[in-house]
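I have placed the structure first, in the form of structure tokens, so that the comments after it can refer back to it.
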Amino acid sequence: MSSLVFSLLFVAFFILTLGLRFWLSDRHIRHVLAHRAQVPAEFATRIPLDAHQKAADYTVAKTRFGLLTLLFSSAVLIGFTLLGGLQWLAIQLAPIAGFGITGQLALLAAFAVISGLLDLPFDYYRQFVLEQRFGFNKMTPGLWLADLVKGSLLGAAIGLPLAWVVLTLMEKTGNLWWVYAWLVWSGFQLLMMVLFPTVIAPLFNKFIPLEDASLKSRIEGLMARVGFASKGLFVMDGSKRSAHGNAYFSGFGANKRIVFFDTLLERLAPEEIEAVLAHELGHFKLKHIIKRIAVMFAVSLAFLALLGYLKNQTWFYEGLGVDAILASNAMALILFMLVLPVFTFVFSPLTSVSSRKHEFEADAFAATHAKAGDLVSALVKMYEDNASTLTPDPLHSAFYDSHPPASVRIAHLNTAAA
Ligand SMILES: [Zn+2]
């Protein structure tokens with residue numbers, strides 16, 4: 001392929017993806033506004049009109065803000081590639097850091113720092129203007145800054161050694177470097193699954209064992225019924241940052257733990273918490289988590305193989321605005337991470353198809369091991385509290401949502417309950 005042909009292909013996909021994302025957001029906004037005046041009939045008795053309208057306004061504001069960040073990040077992408085930003089950066093760093101592994105690490109680090117800085121104003125606005133306006137922000141600017149510093153240090157402490165290992169493999173292990181890099185990457189992912197709940201998450205939040213004795217015995221009863229052993233039930237101080245509520249499940253093997261946000265426990269009745277947990281346990285018992293990990297590993301192997309091919313092609317660099325004499329393993333990694341989403345976005349509905357199937361299966365599991373009606377009322381409360389729209393545009397939802405729309409899920413659950 002010539003570099004011009006690749007440039008044109010990149011521009012074609014760039015325009016296609018950008019146009020598609022704009023069109024989806026526009027549809028979504030119009031769809032939500034068109035349903036703003038009235039609570040959908042199936043929720044009319046459960047959700048008040050003002051909550052429904054707040055959800056519509058919040059969704060529209062988030063989607064509009066999403067378009068603004070999309071425009072900005074698209075401009076940054078073109079700036080880094082076709083307009084020569086990365087080429088410029090590599091030229092500035094070469095005399096200081098050289099072309100060896102140190103120089104390449106410097107390039108990766110500089111790229112990460114610049115990208116992070118460019119995102120900062122948007123992160124700040126999202127938290128202190130958008131979330132604030134709808135009453136969800138519980139963060140102080142001081143906490144935001146502390147998170148930023150902690151997150152950056154942690155990112156460097158984990159990212160730099162990992163990048164060093166990958167760059168060394170790329171340099172020293174010949175044509176099959178991507179197989180070794182894949183093994184390292186997969187091992188790293190598994191390690192993170194152990195370290196995240198036990199070491200990383202506690203740096204940002206407090207986790208205390210669930211104390212409420214009657215809720216605890218209710219949950220332990222559910223776990224015994226479905227045959228699930230866990231290291232513990234924890235409550236996380238999510239209210240420190242946000243009024244949004246959630247529950248999740250982390251770790252694997254002996255490290256499994258169930259985490260409830262304090263914001264969720266406050267709002268849901270014990271039987272609703274049990275139903276939500278039954279859904280989460282369904283994901284585990286039906287092997288969704290293992291399947292998701294297997295798919296993730298297979299996809300990363302395929303992408304690394306592709307990168308193994310691309311990094312040796314002159315057109316890959318020159319087609320993206322980087323002169324071939326500046327080609328390096330780090331440059332190949334950066335270009336690949338930057339442009340991959342441009343080529344894969346059109347396929348995103350494919351991934352949500354399987355995650356939706358899993359959601360329906362976990363709902364059905366919850367309906368057999370807890371009460372379907374309790375899960376329905378928990379879902380309705382969570383939608384209301386999080387101001388999630390009940391009336392998303394179906395096409396927008398197919399591209400962006402991992403979960404099926406509330407009305408579809410609830411319709412399935414109501415059939416299960418009947
Ligand atoms: Zn789920």
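The values are calculated or read from the model by the stated rules, or taken from the named source; none is laboratory data. Quick caveat, the model's predicted, so the values are computed rather than measured. Cβ placement follows ideal geometry from the backbone for every residue including glycine, while neighbour counts extend to all protein chains displayed. With ligands, DNA and RNA removed, areas are computed over all heavy atoms of the protein, side chains included. Shrake-Rupley method; radii C 1.70, N 1.55, O 1.52, S 1.80 Å.
Tell me yes or no: at least one residue of the stretch 325-338 is under 30 Å from GLY221 (Cα atoms), away from the ligand (no atom under 16 Å from the Cβ) and at pLDDT below 95.
No: the stretch 325-338 contains no residue that is under 30 Å from GLY221 (Cα atoms), away from the ligand (no atom under 16 Å from the Cβ) and at pLDDT below 95.
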Checklist entry - When both residues are 6+ apart or on different chains and their Cβ atoms are under 7 Å apart, which pairs have a first residue that lies in the stretch 282-300 and is under 16 Å from GLY187 (Cβ atoms) and in contact (Cβ under 8 Å) with a residue 40 or more places away in the chain, and a second that is open to solvent by less than 70 Å² (accessible area, probe 1.4 Å) and of a type in the set (Phe, Trp, Tyr)? => result SER300/TRP182
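If you take the residues in the stretch 77-111 that are open to solvent by 60 Å² or more (accessible area, probe 1.4 Å) and in contact (Cβ under 8 Å) with a residue 12 or more places away in the chain, which one is nearest to VAL339 (Cα to Cα)? Before you say what the answer is, go through the steps one by one.
Initially, the stretch 77-111 is screened for residues open to solvent by 60 Å² or more (accessible area, probe 1.4 Å), giving 82-83, 88, 91-92, 95-96, 99, 102.
Checking which are in contact (Cβ under 8 Å) with a residue 12 or more places away in the chain leaves us with 82-83, 91, 99.
Working: LEU82: 11, LEU83: 14, ILE91: 21, PHE99: 23 Å.
Across the stretch 77-111, the extreme among qualifying residues is LEU82.
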Item to check | Hey, LYS256 at pLDDT 90 or above, charged (D, E, K, R) and under 25 Å from HIS403 (Cβ atoms) or not | outcome: no
Checklist entry - Does at least one position in the stretch 347-354 carry a residue that is open to solvent by less than 30 Å² (accessible area, probe 1.4 Å), in a helix (DSSP H, G or I), out of contact with any Pro (no Cβ under 6 Å at 6 or more places or on another chain) and within 14 Å of the ligand (Cβ to nearest atom)? => result yes
Next on the checklist: I'm trying to understand the selection: among the residues of the stretch 250-266, which are part of a helix (DSSP H, G or I) and open to solvent by 20 Å² or more (accessible area, probe 1.4 Å)?
Outcome noted: GLY253, ALA254, ASN255, ASP262, THR263, LEU265, GLU266
Next on the checklist: Can you find a residue that is modelled with pLDDT under 95 and not in a helix (DSSP H, G or I) anywhere in the stretch 76-98?
Outcome noted: yes
Checklist entry - What number of residues in the stretch 281-291 are surrounded by 19 or more Cβ atoms within 10 Å (Cβ to Cβ) and either among the acidic types (Asp, Glu) or away from the ligand (no atom under 11 Å from the Cβ) (or both)? => result 0
Checklist entry - Of all residues in the stretch 355-371 being acidic (Asp, Glu) and buried (at least 19 other Cβ atoms within 10 Å of the Cβ), which is farthest from the ligand (Cβ to nearest atom)? => result ASP363
Checklist entry - So is LEU379 in a helix (DSSP H, G or I), without any contact (Cβ under 8 Å) to a residue 60 or more places away in the chain and in contact with a Lys or Arg (Cβ under 7 Å, 6 or more places away or on another chain) or not? => result yes
Checklist entry - List the pairs whose first member sits in the stretch 345-363 and is farther than 17 Å from MET296 by Cα, whose second member is aliphatic (A, V, I, L, M) and part of a helix (DSSP H, G or I), and whose Cβ atoms are under 6 Å apart, counting only residues at least 6 apart or on separate chains? => result ASP363/LEU413
Checklist entry - Somewhere in the stretch 373-390, is a residue at pLDDT below 95, of a type in the set (Asp, Glu), more than 14 Å from the ligand (Cβ to nearest atom) and under 21 Å from the mean Cα position of the chain (by Cα)? => result yes
Checklist outcome for this item: Expected single match for more than 16 Å from the ligand (Cβ to nearest atom) and out of contact with any helix residue (DSSP H, G or I) (no Cβ under 8 Å at 6 or more places or on another chain) among ALA294, ALA243 is ALA294
